[in-house]
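This report concerns only the one structure given below.
Bear in mind these aren't lab numbers, they're just calculated from the coordinates by the rules spelled out. Here the structure is a predicted model, which means the values were calculated and not measured. Heads up, the Cβs are rebuilt from the backbone with ideal geometry, glycines too, and the neighbour counts pull from every protein chain shown.
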Amino acid sequence: MDSQPTSSDIPCEFLSPLEFSLHSGLSIPTVRRYVKSGKLPAHQPNGRGSRILIPTNALEILRNQQASSTSSDSVAASDRSRKHSRPSPDWMKKRQTTEQRK
């Protein structure tokens, strides 16, 4: 008798959003948001409204995107902090001078 292959015997080329979130450390809503925005490749075999399948190589794609964006994010964050810095209000200046006198 031939034994039927089980799901664990068949190599999986796709992951569900839940499986992808477990492997990547992202939350399920974040995975779905990344799929919707195009950050992650995905496939819906039965059309819109069906299950979402994410290729296993998307983990590598995500890691590469995160590695390249970390260096640019630190520069962008420092630019944003300078861009939005505003002078302190007068009441804070008064508080700071009284604290310095003590």
**Report entry** Any pair with Cβ under 6 angstrom, 6 or more apart, that starts in the range 40-55 at a residue that is closer than 12 Å to residue 17 by Cβ and ends at one that is surrounded by 13 or more Cβ atoms within 10 Å (Cβ to Cβ) and of a type in the set (Ser, Thr, Tyr)
**Finding:** 40/34
Requested in this report: Could you list all residues from the range 18-58 that are within 21 Å of residue 69 (Cα to Cα) and basic (Lys, Arg)?
Outcome: 32, 33, 36, 39
